[in-house]
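I have placed the structure first, in the form of structure tokens, so that the comments after it can refer back to it.
Each value in this text was obtained by applying a stated rule to the coordinates, not by laboratory testing. Keep in mind that what you see is a predicted model, and the values were worked out from it rather than measured. As a convention, Cβ positions derive from the backbone with ideal geometry for all residues, glycine included, and neighbour counts pool all protein chains shown.
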Amino acid sequence: MNVLSPNCRKEWLADGRILSYTFTGLDNIAVDAFADDFSFEAEVWPGTRSLLCVLNFQTGRTIPGEYAIRRAVQLSRTRPHLPTQIAIITDNPNFAQIIAPILRIIPTNPQRTYDIFTELASAIEWLLADGDTTATIVPPEGY
């Protein structure tokens, strides 16, 4: 596990097939640490494999602020042709109610899907449900 900031940790799950970030707060430092690291990982990710990601929010009553939403919009433009599945985990119903409409307004593309979960096991099951797609995805020219 890598500590990216006091409120953001990164680790690889499922034998390195799933990139996972755990947040214990959503301060600007945590948001920037995540955004910078995710951008890097997405840029170097092989175009022949789907990027599977868990965003685990253990932030209590904290909800995403304007800065976090702006950074999410910026991240949505990272490698738009890379097939990406993002599982968002929260046990805070208020967080889930706020994040769902935000996900609808973030510019996205058919290559990127999101879903919201209350537990890690369900999120991992959803991410791995399509099986190994490494042989079927053809990246666009230039990737």
Hey, what do the phi angles of segment 56-65 turn into as Karplus ³J(HN,Hα) couplings, whole Hz, using 6.51/-1.76/1.60 and θ = phi - 60°, x for Gly and Pro? 9, 9, 10, 9, x, 8, 5, 10, x, x
Just want the answer: with Cβ charges of +1 for Lys and Arg and -1 for Asp and Glu, which residue in 18, 72, 55 is farthest toward the dipole's positive end in the chain? 72
Would you calculate the separation in nanometres between label points at residue 126 and residue 102, each defined as 7 Å from the Cα along the Cα-to-beta-carbon direction? 1.6
Exposed loop trypsin sites (Lys or Arg not before Pro) only (DSSP loop, at most 13 other Cβ atoms within 10 Å): please give the longest stretch of the chain free of them, not including the sites. 78-143
Note, segment 44-50: 3J(HN,Hα) by Karplus (6.51, -1.76, 1.60, θ = phi - 60°), whole Hz, Gly/Pro = x, goes 8, 5, x, x, 8, 10, 5
The long-range amide H neighbours of residue 89, using H built 1.01 Å from N in the peptide plane and a cut-off of under 5 Å, are 55, 56, 57, 117
For the Cα atoms of the chain, what angle does the longest principal axis make with the long axis of helix 93-105, in degrees from 0 to 90, nearest 10? 50
For segment 2-128: relative contact order, % (alpha-carbon pairs under 8 angstrom, 6 or more apart): 23
So, with +1 on the Cβ of K and R and -1 on the Cβ of D and E, and no other charges, what is the size of the charge dipole of the chain about its Cα centre, to the nearest 20 debye? 340
Note on segment 2-128: alpha-carbon gyration tensor, axes a ≥ b ≥ c; rule is a/c under 1.5 for rounded, else prolate if a/b larger than b/c, else oblate; result rounded
